[in-house]
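Everything on this sheet refers to the single structure shown next.
The values are calculated or read from the model by the stated rules, or taken from the named source; none is laboratory data. What you are looking at is a predicted structure, and each value in this text was computed from that prediction instead of being measured. Ideal geometry is used to build each Cβ from the backbone, glycine not excepted, and the neighbour counts take in all protein chains shown.
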Amino acid sequence: MAIRWPNNEKPPLENSFKSSVNLFRILFSYLAEDPQLLNHLQEDASFIPIKIGAPEGIYKYIDSNGKIVFDKHE
């Protein structure tokens, strides 16, 4: 996916925009010109449901630093 920002502007939070977790919050904040939408960004991590090969549950598999982890989400 690509977003063409008007006048080749830089996207908000460019330096901390690592994944698509907060994509729509950042996009809507920009379009609405309302930076308050950025006050409640979610952790930049990825989760996956595991049913086979480990105790069943939701596991974090990429943390907010981009490292591969295998932590059960409580």
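Brief remarks on what is shown
- The listed residues are Lys67, Lys51, Lys72, and the only one of them that is of a type outside the set (A, V, I, L, M, F, W, C) and within 15 Å of the chain's Cα centre (by Cα) turns out to be Lys67.
- Checking each residue in the range 17-44 for being of a type in the set (Asp, Glu), under 25 Å from Lys60 (Cβ atoms) and more than 12 Å from the chain's Cα centre (by Cα) picks out no residue at all.
- For first residues located in the range 12-32 and basic (Lys, Arg), partners that are at pLDDT 80 or above and part of a helix (DSSP H, G or I) and lie 6+ apart or on another chain with Cβ distances below 6 Å form the pairs Arg25/Leu37.
- Residue within the range 9-18 that is modelled with pLDDT of 85 or more and among the hydrophobic types (A, V, I, L, M, F, W, C) present: no
- Candidate set: the range 16-47, residues that are in contact with a Phe, Trp or Tyr (Cβ under 9 Å, 6 or more places away or on another chain) and surrounded by 12 or more Cβ atoms within 10 Å (Cβ to Cβ); chosen: the one farthest from Arg4 (Cα to Cα): Phe47
- Of the strands (runs of 3 or more DSSP E) lying entirely inside the range 34-74, the ones with 1 or more residues being closer than 16 Å to Leu23 by Cβ are found at 46-50, 57-62.
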